């Protein structure tokens with residue numbers, strides 16, 4: 001919700017905020033993690049007994065948190081807020 005709020009305020013001020021590399025890496029990690037979960041860890045099950053799908057989900061979680069922090073840090077100061 002914070003990211004959406006920043007984008008709404010930026011759009012009202014005619015500021016275009018672009019996604020950075022962390023956002024793109026985050027999205028790819030989420031897609032890979034969700035695919036592994038939906039496939040029930042299938043491709044990895046042949047090589048190991050580890051829950052690779054859960055590990056990928058945790059990696060996606062960490063990247064999501066870091067990407068959100070980086071986005072807020074980078075773009076919040078660009079906005080002209082009338083408080």
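For the stretch 34-66, residues that are under 28 Å from residue 21 (Cβ atoms) and assigned to a helix (DSSP H, G or I) total 22. When the stretch 1-17 is filtered for residues that are in a loop (DSSP other than H, G, I, E, B), over 14 Å from residue 73 (Cα atoms) and touching a residue at least 60 places away in the same chain (Cβ under 8 Å), the ones remaining, listed by number, are 13, 15.
For the stretch 18-31, taking the residues that are touching a residue at least 40 places away in the same chain (Cβ under 8 Å) and assigned to a helix (DSSP H, G or I), the one that is surrounded by the most Cβ atoms within 10 Å (Cβ to Cβ) is identified as 26.
Within the stretch 30-75, being over 19 Å from residue 3 (Cα atoms) and touching a helix residue (DSSP H, G or I) at 6+ places or on another chain (Cβ under 7 Å) holds for 32, 33, 36, 37, 41, 44, 52, 53, 56, 57, 59. Note on the stretch 32-44: residues that are over 14 Å from residue 61 (Cβ atoms) and surrounded by fewer than 15 Cβ atoms within 10 Å (Cβ to Cβ) amount to 6.
Only the coordinates and a few stated rules stand behind these numbers; no lab work does. Given the structure is predicted, the values throughout are model-derived calculations rather than measurements. Virtual Cβ from ideal backbone geometry, glycine too; neighbours counted across all protein chains shown.
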